[in-house]
Amino acid sequence: MPIFSNSTSMTFPGDPTFYDVGGDAHFHSNPASPIGLYEQLRPVEDAGHTRGGQVARCDPGTRVTLIDTIKKWVDTKGRDVPSVCWLNGPAGYGKSALSQTIAELYAENGRLAASFFFLRGAGARTRIDHLIPTLAYQICVSIPTSKTVVEKVLDEEPFILSTSLTHQFQKLVIEPLLAASSGLTAFLSTTKANIIVIDALDECDDKCRMGEFITAIIETAGKRFPLIRILLTSRVEEHIRRKFDHSRAESTSIYRLELVDFDARPDIQAYFQKKFNNIYQQSFPIMRGIPQPWPSPSDLNLLLSKAGGSFMFATTLIYWIEASEFPDRDLKVVLQSDVMGLDPLYKQVLSEVSLTPSFYHILGTIMILVENQSITALSKLLKFQSREIIHDLLAVQSLLLIPGDDDQPIQLFHTSLRDFLTSQVRSESYYINPSIQHALLAIDCLQCLTNDVEHNFFDTAGERYACCQWPHHICLAFGEQGQDLSDTNFNSLVNLVDLLMSKNIESWFNTILNCNRDIRKSVVQDLEAALSSFQQEKFAIASKKACIWPVLEVTQKEV
């Protein structure tokens with residue numbers, strides 16, 4: 001019997017025609033109309049400096065020396081100035097705030113060519129596939145004379161987005177910028193360089209391809225383009241450091257800035273004084289018996305020692321004290337403890353939370369989501385009421401941004417929280433096992449999709465997330481050879497996949513085909529990987545694969 005027999009309201013983009021050949025199915029689509037630059041490049045809309053949501057930036061009057069140092073590098077004229085700057089530092093030292101501040105500064109002057117802010121847990125912003133197309137599109141917008149060059153490249157090389165990152169970067173970023181500035185090189189004494197800002201290289205989910213991109217950057221740095229500046233920021237992670245420490249990178253004179261070389265203590269002190277004064281005033285009925293200045297100079301110095309150079313320590317501490325019923329009491333707890341740096345502070349915050357199963361389920365889910373989700377979407381996925389989710393998360397509101405609107409996404413104040421909670425060595429008793437959590441979320445996604453549906457598609461945000469991401473979470477649930485996947489969870493996944501394919505396959509299929517091409521491609525790749533993850537001796541995958549394969553084939557035709 002055909003897989004879509006008795007189906008209604010099936011939706012297929014591109015006006016496809018189906019032929020019943022009594023065996024293998026063949027699918028044909030009418031040729032698509034010519035598409036524009038936006039459709040060809042498919043840039044990530046929320047990856048640039050104008051993105052919405054929580055955006056960190058330097059407070060006025062802070063980081064002055066470092067900002068001036070970067071400005072001097074960008075604005076210095078001449079062919080001997082390095083084209084590329086790598087700004088690096090530990091987690092929580094304010095790299096993204098600096099990148100945002102620099103991007104906004106040069107955008108105001110009309111000299112920001114493009115920007116991209118990587119962020120784990122933010123969907124397309126974690127994937128390097130989207131970096132160069134997004135930069136290219138932004139360059140076309142900010143420097144219109146570059147547009148014809150990009151259009152010509154896309155016309156001559158329609159599959160360029162499948163080529164190496166080095167080739168893409170040269171053709172879609174460097175050459176359009178060079179063409180736009182070709183008539184200006186004779187006026188170097190008066191012409192100012194444009195800048196590209198790429199923040200948080202370490203937040204990219206593909207270390208291997210990030211290494212390839214850094215190699216392309218190093219090649220660019222070696223050519224010393226006088227009217228192009230590229231600012232890169234990252235933590236000093238091994239796969240990044242190794243590339244920049246390579247002899248070839250050394251010989252190209254990439255401009256390196258180490259955040260630890262710039263004293264952040266005065267800026268953090270000013271931040272503490274301002275925020276603690278606000279807390280004192282807002283909590284005056286409780287705080288009026290506490291002498292000012294609060295905290296005392298000696299206590300403030302101790303806090304500065306505990307913070308080191310970490311702005312994230314400072315902001316997390318302030319958020320925690322702001323949420324306290326008795327600010328002075330909780331500040332004393334920190335002052336009298338061994339808290340030094342972010343990890344002990346995270347433990348201090350979590351030590352005051354009621355660690356119920358529901359709390360861990362909700363928090364663990366947030367830690368491993370592909371994209372940040374709203375309270376409404378989590379409610380649909382996890383089968384908790386919205387007020388239950390809010391109640392549990394309010395206990396850690398110093399670590400998470402909980403929106404006032406249930407339809408806006410929950411965000412981590414800093415991705416170091418995810419790093420902390422998913423490292424057993426660092427978080428100890430607060431550890432969230434990623435493999436187990438991915439299995440639980442895959443089960444939640446599949447349960448969401450096997451409920452009765454009124455229409456032949458899934459339309460809520462939670463359901464759409466489940467449609468697109470359940471294969472991804474199954475892949476990661478296996479961890480290292482599936483050693484963390486219990487028989488109970490494995491059997492639940494098997495049964496739920498079977499139920500989805502027999503009950504709601506058309507609704508799932510319709511929903512996937514109405515997503516954009518990038519999402520469809522990702523779903524196909526994850527689904528194939530998820531199918532291969534099931535071990536033959538545990539699960540007779542052949543029957544399920546026979547059911548799913550026609551769906552994969554149709555979806556692949558559309559990618």
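The values are calculated or read from the model by the stated rules, or taken from the named source; none is laboratory data. Please read all numbers here as calculations on a predicted model, not as lab measurements. Using ideal geometry, Cβ is built from the backbone for each residue, glycine included, and neighbour counts are taken over all protein chains shown.
Determine whether region 118-125 contains at least one residue that is in the same structural domain as Gly52 (by TED's automatic domain parsing), at positive phi and either among the aromatic types (Phe, Trp, Tyr) or modelled with pLDDT under 95 (or both). Give the steps one after another, and end with the answer.
Narrowing region 118-125 to residues in the same structural domain as Gly52 (by TED's automatic domain parsing): 118-125.
With at positive phi added as a condition, the list becomes 121, 123.
With the extra rule that they be either among the aromatic types (Phe, Trp, Tyr) or modelled with pLDDT under 95 (or both), the set shrinks to 121, 123.
So far as region 118-125 goes, yes, one or more of its residues are in the same structural domain as Gly52 (by TED's automatic domain parsing), at positive phi and either among the aromatic types (Phe, Trp, Tyr) or modelled with pLDDT under 95 (or both).
Do you know which residues across region 422-465 are within 19 Å of Leu363 (Cβ to Cβ) and of a type in the set (Gly, Ala, Ser)?
If the condition is that a residue be within 19 Å of Leu363 (Cβ to Cβ) and of a type in the set (Gly, Ala, Ser), then Ser423, Ser427, Ser429, Ser435, Ala439, Ala442, Gly462 are the ones that fit.
From the list Leu527, Leu493, exactly one residue is buried (at least 20 other Cβ atoms within 10 Å of the Cβ), farther than 18 Å from Arg464 by Cβ and of a type outside the set (Asp, Glu). Which is it? Full working, then the answer.
Working: Leu527 fails: farther than 18 Å from Arg464 by Cβ.
The conditions single out Leu493.
Quick one: in region 51-88, of everything that is without any contact (Cβ under 8 Å) to a residue 12 or more places away in the chain and more than 26 Å from Gly309 (Cβ to Cβ), which residue is surrounded by the fewest Cβ atoms within 10 Å (Cβ to Cβ)?
Start the filter on region 51-88 by keeping residues that are without any contact (Cβ under 8 Å) to a residue 12 or more places away in the chain, which leaves 52, 60, 64, 68, 72, 76.
From the residues that got through so far, the ones that are more than 26 Å from Gly309 (Cβ to Cβ) too are 52, 76.
On the way: Gly52: 9, Thr76: 13.
That would be Gly52.
Cβ-Cβ below 6 Å, separation at least six or inter-chain, first residue in region 364-389 and free of Cβ contacts under 8 Å to residues at least 40 places away in the same chain, second hydroxyl-bearing (Ser, Thr, Tyr): which pairs?
That search, which allows pairs on different chains as well, returns Ile375/Ser386; Ser386/Ser379.
Every residue, every condition in (1) touching a Ser or Thr at 6+ places or on another chain (Cβ under 9 Å); (2) buried (at least 20 other Cβ atoms within 10 Å of the Cβ); (3) acidic (Asp, Glu); (4) assigned to a helix (DSSP H, G or I), yes or no:
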site	(1), (2), (3), (4)
Asp343	yes, no, yes, yes
Lys347	yes, no, no, yes
Val353	no, no, no, no
Phe359	no, no, no, yes
Leu363	no, yes, no, yes
Ile366	no, yes, no, yes
Leu381	yes, yes, no, yes
Glu388	yes, no, yes, yes
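Any chance you could count how many residues in region 368-379 are assigned to a helix (DSSP H, G or I) and either in the same structural domain as Asp444 (by TED's automatic domain parsing) or hydroxyl-bearing (Ser, Thr, Tyr) (or both)? Before you say what the answer is, go through the steps one by one.
Pass one, region 368-379, residues assigned to a helix (DSSP H, G or I): 368, 375-379.
Next, only the ones that are either in the same structural domain as Asp444 (by TED's automatic domain parsing) or hydroxyl-bearing (Ser, Thr, Tyr) (or both) stay: 376, 379.
The number of residues fulfilling the criteria is 2.
Return only the number of the condition from (1) over 18 Å from Ile174 (Cα atoms); (2) part of a helix (DSSP H, G or I) that Tyr137 does not satisfy.
Every listed condition holds for Tyr137 apart from (1).
With respect to Lys207, is the statement that it is surrounded by fewer than 19 Cβ atoms within 10 Å (Cβ to Cβ), under 23 Å from Ala113 (Cα atoms) and modelled with pLDDT of 85 or more true?
Working: surrounded by fewer than 19 Cβ atoms within 10 Å (Cβ to Cβ): yes; under 23 Å from Ala113 (Cα atoms): no; modelled with pLDDT of 85 or more: yes.
No.
Go through (1) crowded, with 19+ Cβ neighbours inside 10 Å; (2) free of Cβ contacts under 8 Å to residues at least 40 places away in the same chain; (3) of a type in the set (A, V, I, L, M) and name the single condition Leu300 misses.
Of the numbered conditions (1) crowded, with 19+ Cβ neighbours inside 10 Å; (2) free of Cβ contacts under 8 Å to residues at least 40 places away in the same chain; (3) of a type in the set (A, V, I, L, M), the odd one out for Leu300 is (1).
Could you list, in sequence order, the residues of region 197-242 that are closer than 26 Å to Ser182 by Cβ, in a helix (DSSP H, G or I) and in contact with a Phe, Trp or Tyr (Cβ under 9 Å, 6 or more places away or on another chain)?
Phe213, Ala216, Ile217, Ile218, Glu219, Thr220, Ala221
Show the residue pairs meeting these rules: Cβ distance below 8 Å; 6+ apart or different chains; first residue within region 312-324 and under 13 Å from Asn278 (Cα atoms); second residue surrounded by fewer than 20 Cβ atoms within 10 Å (Cβ to Cβ) and of a type in the set (Phe, Trp, Tyr).
Final answer for the pair search is Ile318/Tyr271; Ile318/Phe272; Tyr319/Phe413.
Go through region 140-167 and report how many residues are crowded, with 22+ Cβ neighbours inside 10 Å and free of Cβ contacts under 8 Å to residues at least 40 places away in the same chain. Even if it seems obvious, please write down each step before you answer.
To start, the set of residues in region 140-167 that are crowded, with 22+ Cβ neighbours inside 10 Å comprises 140, 146, 150.
After this cut, where a residue has to be free of Cβ contacts under 8 Å to residues at least 40 places away in the same chain as well, the list is 146.
Of the residues in region 140-167, 1 are crowded, with 22+ Cβ neighbours inside 10 Å and free of Cβ contacts under 8 Å to residues at least 40 places away in the same chain.
Of (1) at pLDDT 90 or above; (2) farther than 18 Å from Ala200 by Cα, Glu39 satisfies all except one. Which?
Status for Glu39: all satisfied but (1).
One line per residue, one yes/no per condition, for (1) at pLDDT 90 or above; (2) under 30 Å from Ser296 (Cβ atoms); (3) surrounded by fewer than 16 Cβ atoms within 10 Å (Cβ to Cβ); (4) under 27 Å from the mean Cα position of the chain (by Cα):
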| position | (1), (2), (3), (4) |
| --- | --- |
| Ile218 | no, no, no, yes |
| Pro226 | no, no, no, no |
| Glu237 | no, no, yes, yes |
| His246 | no, no, yes, no |
| Ile254 | no, no, no, yes |
| Ala264 | yes, yes, no, yes |
| Phe272 | yes, yes, no, no |
| Asn278 | yes, yes, yes, no |
